Amino acid sequence: MPFNIKAIENGKYVLVEHHGFVTVTELEEGRSSAKKLLTEKNWSKVLFDVTGMTNNLSIINIYHLTKSHQHVFDVLDRIGLLVSPIPERKQNSRFIENIAANRGVNLKVFFDAEQARSWLIDIGDSKSRNELIKFLAVVFEPFLPALVVSRTQGT
């Protein structure tokens, strides 16, 4: 198994570290293990550290893997992705964030471990709360007209 998983109790998040040559199936297994641990702990934050991966995924694999997060994680889950600051991975980071955001997944890519941990842990500050409110507003905006109509009609 080319990944380690552990619960970071002081930050209340799950850390998944991938290393070596990693397949999409192994990334999905790490993701499933992380979601299982999040559920057991009743937490909502996970950090995937792929800085130890020795291979690069194809753009189509990146797309499908990121797209499928919407079927695994809840809208309030916070996902950090820590990648090596090499040019190819830097180019893919914006693509990954856009795919996730378009599917209502709260995911952010980082090149610095400390920034990633701070973002995960710092959910309580007003800036993070405002980010979350804006994120939720974008996710639920298409449903607002239907909610308003149903409330005024008494259903």
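Answer yes if at least one residue in segment 28-40 is over 16 Å from the mean Cα position of the chain (by Cα), of a type in the set (A, V, I, L, M, F, W, C) and buried (at least 19 other Cβ atoms within 10 Å of the Cβ), and no otherwise.
No, that holds for no residue.
State whether one or more residues within segment 106-118 are part of a loop (DSSP other than H, G, I, E, B), under 21 Å from LEU132 (Cβ atoms) and in contact with a helix residue (DSSP H, G or I) (Cβ under 7 Å, 6 or more places away or on another chain).
Checking segment 106-118: not a single residue is part of a loop (DSSP other than H, G, I, E, B), under 21 Å from LEU132 (Cβ atoms) and in contact with a helix residue (DSSP H, G or I) (Cβ under 7 Å, 6 or more places away or on another chain).
Answer yes if at least one residue in segment 3-12 is crowded, with 17+ Cβ neighbours inside 10 Å and touching a Phe, Trp or Tyr at 6+ places or on another chain (Cβ under 8 Å), and no otherwise.
For segment 3-12, residues crowded, with 17+ Cβ neighbours inside 10 Å and touching a Phe, Trp or Tyr at 6+ places or on another chain (Cβ under 8 Å): absent.
Any residue that is aromatic (Phe, Trp, Tyr) and surrounded by 20 or more Cβ atoms within 10 Å (Cβ to Cβ) - is there at least one of those in segment 93-102?
no
Please go through segment 1-40 and give me each residue that is of a type in the set (Asp, Glu) and more than 17 Å from ALA116 (Cβ to Cβ), ordered by number.
Within segment 1-40, GLU9, GLU26, GLU28, GLU29, GLU40 qualify.
Please state which one of LEU132, LEU76, LEU120 is buried (at least 17 other Cβ atoms within 10 Å of the Cβ), at pLDDT below 95 and in contact with a strand residue (DSSP E or B) (Cβ under 8 Å, 6 or more places away or on another chain).
So the residue among LEU132, LEU76, LEU120 that is buried (at least 17 other Cβ atoms within 10 Å of the Cβ), at pLDDT below 95 and in contact with a strand residue (DSSP E or B) (Cβ under 8 Å, 6 or more places away or on another chain) is LEU120.
Within the set of pairs 6+ apart or on separate chains, which have a first residue in segment 23-46 that is more than 14 Å from VAL75 (Cα to Cα), a second that is loosely packed, with under 12 Cβ neighbours inside 10 Å, and C-beta atoms under 8 Å apart?
Partner pairs satisfying both residue conditions: GLU26/MET1; GLU29/MET1.
The values are calculated or read from the model by the stated rules, or taken from the named source; none is laboratory data. Predicted model only: the values in this text are computed from it and were never measured. Backbone-built Cβ (ideal geometry, glycine too); neighbour counts: all protein chains shown.
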